[in-house]
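Reviewing the structure listed below.
The values are calculated or read from the model by the stated rules, or taken from the named source; none is laboratory data. Bear in mind that the values here come from a model prediction, so they are computed numbers and not experimental data. Don't worry about glycine lacking a Cβ; one is built from the backbone with ideal geometry, like all the others, and counts go over all protein chains shown. Quick note on the areas: whole protein, heavy atoms, side chains included, nothing else; ligands and nucleic acids left out. Shrake-Rupley method; radii C 1.70, N 1.55, O 1.52, S 1.80 Å.
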Amino acid sequence: MKLFFNVSPCAHFGRISASVLFLVACALPAFNTHAQSFDSCITSLRKSALTQGISAQTFDQAIKGVEPDPDVLKAYDYQPEFRTPIWDYISGLVDDERVQEGRAQLSKWAQVLAQAEQEYGVDRHAIVAVWGVESNFGAIKGRRELVRSLATLVCANKRETFFRGELMATLRILQSGDIAPEYLVGSWAGAFGQTQFMPTTYQRLAVDFDGDGRRDIVNSIPDALGSTANFLKKAGWITGQPWGYEVTLPENYSGPSGRKTKQSLAQWKSLGVKRMASSGKKTTNNSLAQVVPETTQAALILPAGAKGPAFLVFKNFDAIYGYNAAESYALSIAHLSDRMKGGAGIQTPWPTDDPGTSRAERREIQRLLIVRGYDIGEADGLVGAKTRVAISAFQTSTGQPGDGRAGQKVLKALREAK
Ligand code: CA
């Protein structure tokens, strides 16, 4: 989750959680390059912490031996070379593996989830989908020490006010004893735990759902699930309402779209927007009001333009968007929760002749590259710089443009290559 850099003209320039790198091509704002020295910065942070109710002991213990982390600054300054197409983004996040594991978790934590549904009114599938996407159900929580990462960012004048607030929140968590220092690790930007909350989000919204007296979103799955439910409720979740659904547009549709352009279902209907049944067929009565009243406000989103899948979305889509301010993220959570319920998923093909790959297929691409002698490390299904370079080299060697994308075409070419 959960960095809303709304002060920038680009609302979100990079995915901040540990498990997923969401790259948005966007110019980074200019920063003061005259960073003060780290030591004098820490001295000033200490003064400020002491005026905010953080004890000298908490501060000194937390900051002892901490040095700036150059990798954090690299991650911050990373300028993505290209925008990840939404079909690559979603195909890696919502694949059969994650659907199956999500179902297993739904069954394993059924009692806790029933309790969370009752207390917060949030659909259990959405809770589990967030958990699955944020940390792969707790498997990938990030390994960077929060205090070190956040002190590095503050002292390098990177969004200084924002990260200073996160650092102070981290110190308060330490002082409260809710989470032991060795577990306060996460993404480079400070998102941590099963839910990948930022420290201030933790302070506002984490709950003790297993009743042991501590809010522990790192080691307690019930606390993490309850906290996610609480987040979505506070973000405006409406009990019993769907997030939205896929629709079809009339030919050459040129009407309004965009998440913020809302009008009633009746108005969308009058523009010829029709709900698509999960079987992929248009509903017989073409009614958009089967699940929600026709007066319900909805927005039309076209994540890949009018030629790709189209969705009418309601308030719960906005609640998910609140978790991580990207439509592709919210759509992934929505799609994953539908798939876990047994839905077929998105029916309209993405407008590409080279669709994205699942994590299993990405591992296969990597294994096939390794067999061909490319040094890409482990076949872990994560397409990082080394894998992209290898794919690009392989593409070039076969006379294809070397874009480095792990799509279906390169998978097919690798399978067929001698
Ligand atoms: Ca607890």
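Report the longest stretch of the chain that contains none of the GluC sites (Glu not before Pro) sitting in a DSSP loop with at most 15 other Cβ atoms within 10 Å.
Longest stretch, sites excluded: 82-250.
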Study note, to complete from the structure: When the charge dipole of the range 359-416 is computed with +1 on Lys and Arg Cβ and -1 on Asp and Glu Cβ about the Cα centre, the Cα farthest towards its positive end, among Ile376, Ala406, Ile391, belongs to Ala406
**Study point:** Simple Cβ-charge dipole of the range 359-416, Lys/Arg +1 and Asp/Glu -1, about Cα centre, in debye nearest 20
**Key:** 120
**Study point:** Principal semi-axes in Å for the chain [√(5λ), Cα gyration tensor, largest first]
**Key:** 36, 29, 21
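Relative contact order of the chain: what whole-number percent is it, with Cα pairs under 8 angstrom and at least 6 residues apart?
Working: 703 pairs, mean separation 68.9, N = 418.
Result for the chain is 16 percent.
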Check your understanding: How much of the DSSP beta bridge set in the chain is antiparallel, as a percent to the nearest 5?
Key -> 95
Exercise for review: In whole angstrom, note down how far apart the Cα centers of the range 171-226 and the range 84-146 are.
Suggested key: 17
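If you place +1 on the Cβ of every Lys and Arg and -1 on the Cβ of every Asp and Glu, how big does the dipole about the Cα centre of the range 220-269 come out, in debye to the nearest 20?
260
Starting from the Cα-Cα distance between Ile370 and Asp353, subtract it from 0.36 nm times their residue separation and give me the gain in nm to one decimal.
3.5 nm
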Point to revise | Label point distance in nm, Ser264-Glu67, each placed 7 Å from Cα along Cα→Cβ | key: 6.6
**Study point:** Cleavage-rule hits (trypsin sites (Lys or Arg not before Pro)) in the range 153-260: DSSP loop, at most 11 neighbouring Cβ within 10 angstrom
**Key:** Lys260
**Study point:** Amide H within-cut-off set for Gly244, under 5 Å, with H built and near neighbours excluded
**Key:** Phe314
Practice item. Apply the Karplus parameterisation 6.51 cos²θ - 1.76 cosθ + 1.60, with θ equal to phi minus 60°, to every residue of the range 109-123 and state each ³J(HN,Hα) to the nearest whole Hz, in sequence, with x for glycine and proline. Key: 9, 4, 5, 4, 5, 4, 5, 5, 4, 5, 6, 10, x, 9, 3
Revision key, fill the gap. CD proxy, 222 nm, the chain: helix-only mean residue ellipticity via -39,500 (n - 2.57) per DSSP H run with n ≥ 4, per residue, nearest 500, stands at -13500 deg cm²/dmol
Practice item. May I ask you to compute the full-extension gain from Asp380 to Ser44, defined as 0.36 nm times their residue separation minus their alpha-carbon distance, rounded to one decimal in nm? Key: 116.7 nm
Study note, to complete from the structure: Residues other than Gly65 with Cβ under 11 Å of its Cβ, Lys/Arg counted +1 and Asp/Glu -1, net out at -1
Review point. Relative to the Cα centre, what is the charge dipole magnitude of the range 135-256, using +1 at the beta carbon of each Lys and Arg, -1 at the beta carbon of each Asp and Glu, and rounding to the nearest 20 debye?
Key: 440
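Can you put Asp71, Asp39, Asp223 in order of accessible area, largest first, using a 1.4 Å probe?
Reading off the accessible areas and sorting them downward yields Asp39, Asp71, Asp223.
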Review point. Given H placed 1.01 Å from N in the peptide plane, which residues other than close sequence neighbours of Ala310 have an amide H under 5 Å from its amide H?
Key: Val247
